[in-house]
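Note sheet for the following structure.
The values are calculated or read from the model by the stated rules, or taken from the named source; none is laboratory data. Since the model is a prediction, treat every value here as computed from it, not as a measurement. Positions of Cβ are backbone-derived with ideal geometry, glycine not excepted, and every protein chain shown enters the neighbour counts.
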Amino acid sequence: MSNLSNRKQSCITYCRTSTQFRQNRQITQRSRERSGKPHQQASDWFTAAKPVLWRYHPGSETPSCNLTGCRPYSTIPSARTLKLCNNGNFLPITFPTMKVRTHIALLVAAILVPTILFSAAVLNVLLTAERKAALRSMQELARASVNVMDREMTFAMATAQALSTSRNLHEGNFEAFYAQAKTTNSDRAISAALIDETGQQVFNTVRPFGTRIPAPNAAAKARVKKVIDGGRPVFSDLIKGSATGKFVVSVEYPVTIHDGRRFVVNEWMFSEHLNALLPANDIPASWLISVFDKRGITIARNINPDKFVGKPPRPERLRTILAGFEGLSRAYTRDGIEMHGAWERSSITGWSVGVGVPVSEIEKIAVHSVALTAGGFLITILLAVAGAMLFSRRLISAIDQASASAEALPAYRIPPVADLRVEEMNRLQMALHRAGHLLVAGEATRQRSLEEAKNARIHAEQAQKIAEDQNRAKDEFLAMLGHELRNPLAAIASGVTLLNMPDIGSERFSKVKAIIQRQTRHLSHLVDELLDAHRILSGKIRLAKSPTDLKVVVESCLASLEARGATRTHEVSVFASSAVVQADPTRLEQMICNLLDNALKYTPEGGSITLRVLAKGEDAIVEVTDSGIGLSPELLDKAFDVFVQGKVINRAKGGLGIGLAVVNSLAKLHGAELTAYSAGINQGSTFTLRFPLAAADPAALPQRTAGAAGTARVLIIEDNRDVREMTSLILCELGFAVHTAVDGESGLQAASTILPDVALVDIDLPGISGYEVAEKLKSDCATEGIKLIAVTGYGQATDQQKARDAGFEMHLTKPVPIEELADAIAYVTRQEPDPR
């Protein structure tokens, strides 16, 4: 047990014989001699046999284990055995690991198991919900049936009320009243009868006037007497008509004519008519709809009405009807079928309507819907598993190759390029490939420096310091490059993981897609920056020089920085006068923008930056002064070296430490000079570019001309980010030069700086409105020539007139088709016929 305890507490290592150890030590010493490295206190890392690492001190026969906590021991055993550190026994070292495939399998399992359990719970809830939905549809059908009955009986009531006011009736002209009643009901399946106070029908429009109608029975007499004594209209229960002998329902309206006699105006209809009124469209044949009067007698029924109309339901159902029950129930019908029932009671007639659906059909509907959903769940899960397996294979292969490429970098080998079938990993591999080129070039430079130090011992210490500085700069660059690459790669990896999750939803899918696209663009920008810097620093670019005004270039740089909001946290002052130089405009703008970005990066928020452009003697000078963190004397001496970087105020604005080196190289290519000055730490910095002045030839300088359709300069002033960005992207695709502003104030500044051909202005802007923007632009002689188009959601005639009064050439109402927008720009820039 003590031996096992010692094994747990000791560093477990593996070594071969002492002879092999001495051989490896001799190889290490010869390697030092060939590389020119002196013996140092720093230890060499000696590998006797994987995976064991031993630390060897030159001149000592005693190696020590490199693992933390292991105590050195006195001698290396000469026996060819495995033993452990503290007691002479050395054993192989092992570490628990899992492959990416296993991680992905566990991840899929961790996702699928809860998903399946949750799906089962959801399916159970869905089954209950489908059942409830079917019952709700039954209840809605019952309400609809009640509404149909109420509507028909209310119409009959209104007709009876209208007939009760008839002059013919009140004058006792019953024959004329008969004709009037028959005409009134001629377009509906309703008949009328006039009943005296004894219950005897004077006439019934179902028979010719004057036809003798049998005497009423006692129940009819009692009903009529009750209506007349009550003095108000009544909706009857199901009754058998005296004139027809068939089941009818009626509205009985009491009336007293001028001579004092009392009658009942009766509007009645056959129960078959009510059967025809019951809902039938899209109603399954097995669904039963029954209407019961206040006594519980069946008035109408959509199934077997001849058999059941006029009869009461089963006793237990009759009791619930008489009790005025409303809601859901479950019982057997008179046909002996078990049904779910939905009951509603009319507040007008007092009748009850019941909708019955066989229990088996409700369960079948619910189970069918749930089965479809479960099938969809199963298919989705199978597709997700298959997709995860396919993606894991591709990802593992891509990771293996990318890992091999990354392992080549410390050995200063250029990683090969291969198609990894994963776009992001391909970009990473290309980035590693290009970084390998830079590292190989840097390593070659370092080796040359070491060789020169070896040949000239008098400069050995200086050469060694240079090599250490370069090595440190390289390591800092690698760490910084790793930081800049890992952040977008982390977002991309998280996005890919989220995309592989089931049921991600369209909104989250769009958000993840936008994040991946944005981070991919960021990676491409980093790689392009490295490549461009490599070409410039290697002198492999050609300059397209032409007479260029430094003032125009400076204004363009500032407009670009302001458009992306880079200057909003600093106070930027500009003092620029015209100064023409012979330069490549694109590279000149790159130089000035790099100097401004450098000032913004190393100046805290709220600090000031001053930009001056002036002609002095035979030189044109661009001077950028900031109130930032300044430069120490040591950093000032190597400010233009590659990979040298001061302390960045905001890491989000950090770069790769090559900006000033690029500016310095471009300045030399232009025959210009870049200098830096700083009074010290926290004293700010000044960077000065000095160009030789060129003869100003106005004809050779770029002139501002109105852009034609497809090449015009367009300024978009729009506070809605999505509308602004989408309009800008589409117009750029159509060939327009597009600038944007988020509100009226920034739009006025951009217009005065850029001087676009056309400005697309939203009316409802924060701060100042689009009308005020138009008025201010038209009142300024510098911007009055800009063509203005109002693009707004306000489209009334008064809005259009108000836009014209403010100075707009055209008024477009959102949403504007892109063809119409392009035609409008062509119209205002080239004065073509109005496209509308």
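Of the numbered conditions (1) surrounded by fewer than 17 Cβ atoms within 10 Å (Cβ to Cβ); (2) farther than 25 Å from Arg314 by Cα; (3) hydrophobic (A, V, I, L, M, F, W, C), Val370 satisfies every one except a single condition; which is it?
For Val370, the failing item is (1).
Take the residues of the stretch 633-681 that are modelled with pLDDT of 85 or more and over 29 Å from Leu543 (Cβ atoms): which is surrounded by the most Cβ atoms within 10 Å (Cβ to Cβ)?
Ser678
Conditions (1) among the hydroxyl-bearing types (Ser, Thr, Tyr); (2) at pLDDT below 85; (3) not assigned by TED's automatic domain parsing to the domain that holds Thr603, marked per residue:
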residue: Gln683; (1), (2), (3): no, no, no
residue: Pro698; (1), (2), (3): no, yes, yes
residue: Leu701; (1), (2), (3): no, yes, yes
residue: Ser728; (1), (2), (3): yes, no, yes
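Is it the case that some residue within the stretch 793-809 is of a type in the set (A, V, I, L, M) and closer than 15 Å to Ile716 by Cα?
no
Can you confirm whether Ile111 is crowded, with 16+ Cβ neighbours inside 10 Å, in contact (Cβ under 8 Å) with a residue 24 or more places away in the chain and among the hydrophobic types (A, V, I, L, M, F, W, C)?
The answer is yes for Ile111.
Being in contact (Cβ under 8 Å) with a residue 60 or more places away in the chain and surrounded by fewer than 21 Cβ atoms within 10 Å (Cβ to Cβ) is the filter here; which residues of the stretch 727-738 pass it?
Residues satisfying the conditions are Ile730, Leu734.
Return only the number of the condition from (1) touching an Asp or Glu at 6+ places or on another chain (Cβ under 7 Å); (2) on the phi > 0 side of the Ramachandran plot; (3) not hydroxyl-bearing (Ser, Thr, Tyr) that Gly336 does not satisfy.
Here Gly336 meets the rest and fails (1).
Return a yes/no flag: does the stretch 476-486 have any residue that is aromatic (Phe, Trp, Tyr) and at pLDDT 75 or above.
no
Can you tell me how many residues in the stretch 667-676 are in contact (Cβ under 8 Å) with a residue 12 or more places away in the chain and either out of contact with any helix residue (DSSP H, G or I) (no Cβ under 8 Å at 6 or more places or on another chain) or not in a strand (DSSP E or B) (or both)?
6
Tally time: how many residues in the stretch 777-825 are outside any loop (DSSP other than H, G, I, E, B), among the small types (Gly, Ala, Ser) and at pLDDT below 85?
1
Please verify whether the stretch 113-127 includes one or more residues that are among the hydrophobic types (A, V, I, L, M, F, W, C) and in contact with a Lys or Arg (Cβ under 9 Å, 6 or more places away or on another chain).
Checking the stretch 113-127: not a single residue is among the hydrophobic types (A, V, I, L, M, F, W, C) and in contact with a Lys or Arg (Cβ under 9 Å, 6 or more places away or on another chain).
How about the stretch 291-335: which of its residues are surrounded by 15 or more Cβ atoms within 10 Å (Cβ to Cβ) and of a type in the set (Ser, Thr, Tyr)?
Matches in the stretch 291-335: Thr298, Thr320, Ser329, Thr333.
Would you tally the residues in the stretch 749-764 being farther than 20 Å from Arg830 by Cβ and either surrounded by fewer than 20 Cβ atoms within 10 Å (Cβ to Cβ) or not aliphatic (A, V, I, L, M) (or both)?
Adding up the residues that qualify gives 5.
If I filter the stretch 765-775 down to residues being crowded, with 19+ Cβ neighbours inside 10 Å and out of contact with any strand residue (DSSP E or B) (no Cβ under 6 Å at 6 or more places or on another chain), which single residue comes out as farthest from Cys557 (Cα to Cα)?
Applying the filter and picking the extreme gives Tyr771.
Residue check: is Ala220 in the same structural domain as Arg261 (by TED's automatic domain parsing), among the small types (Gly, Ala, Ser) and in a helix (DSSP H, G or I)?
yes
Name the strands (runs of 3 or more DSSP E) wholly within the stretch 256-372 that hold at least 1 residues that are assigned by TED's automatic domain parsing to the domain that holds Ile195?
Answer list for the stretch 256-372: 262-270.
So, in the stretch 223-241, of the ones that are charged (D, E, K, R), touching a strand residue (DSSP E or B) at 6+ places or on another chain (Cβ under 9 Å) and in a helix (DSSP H, G or I), which residue ends up surrounded by the fewest Cβ atoms within 10 Å (Cβ to Cβ)?
Looking at the filtered set, the residue picked out is Asp229.
Based on what the data block shows, is Arg330 over 29 Å from Ala121 (Cβ atoms) and charged (D, E, K, R)?
no
How many of the residues in the stretch 736-768 are over 17 Å from Arg568 (Cα atoms), of a type outside the set (Val, Ile, Thr) and assigned to a helix (DSSP H, G or I)?
2
When you scan the stretch 619-628, do you find a residue that is over 27 Å from Thr569 (Cα atoms), in the same structural domain as Gly565 (by TED's automatic domain parsing) and at pLDDT 85 or above, even just one?
Among the residues of the stretch 619-628, at least one is over 27 Å from Thr569 (Cα atoms), in the same structural domain as Gly565 (by TED's automatic domain parsing) and at pLDDT 85 or above, which makes the answer yes.
In the stretch 552-576, which residue that is among the aliphatic types (A, V, I, L, M) and without any contact (Cβ under 8 Å) to a residue 40 or more places away in the chain is surrounded by the fewest Cβ atoms within 10 Å (Cβ to Cβ)?
So the residue we want is Val574.
Among the candidates Phe203, Phe177, single out the residue that is touching a strand residue (DSSP E or B) at 6+ places or on another chain (Cβ under 6 Å), without any contact (Cβ under 8 Å) to a residue 40 or more places away in the chain and farther than 27 Å from Gly296 by Cα.
Residue meeting the stated conditions: Phe203.
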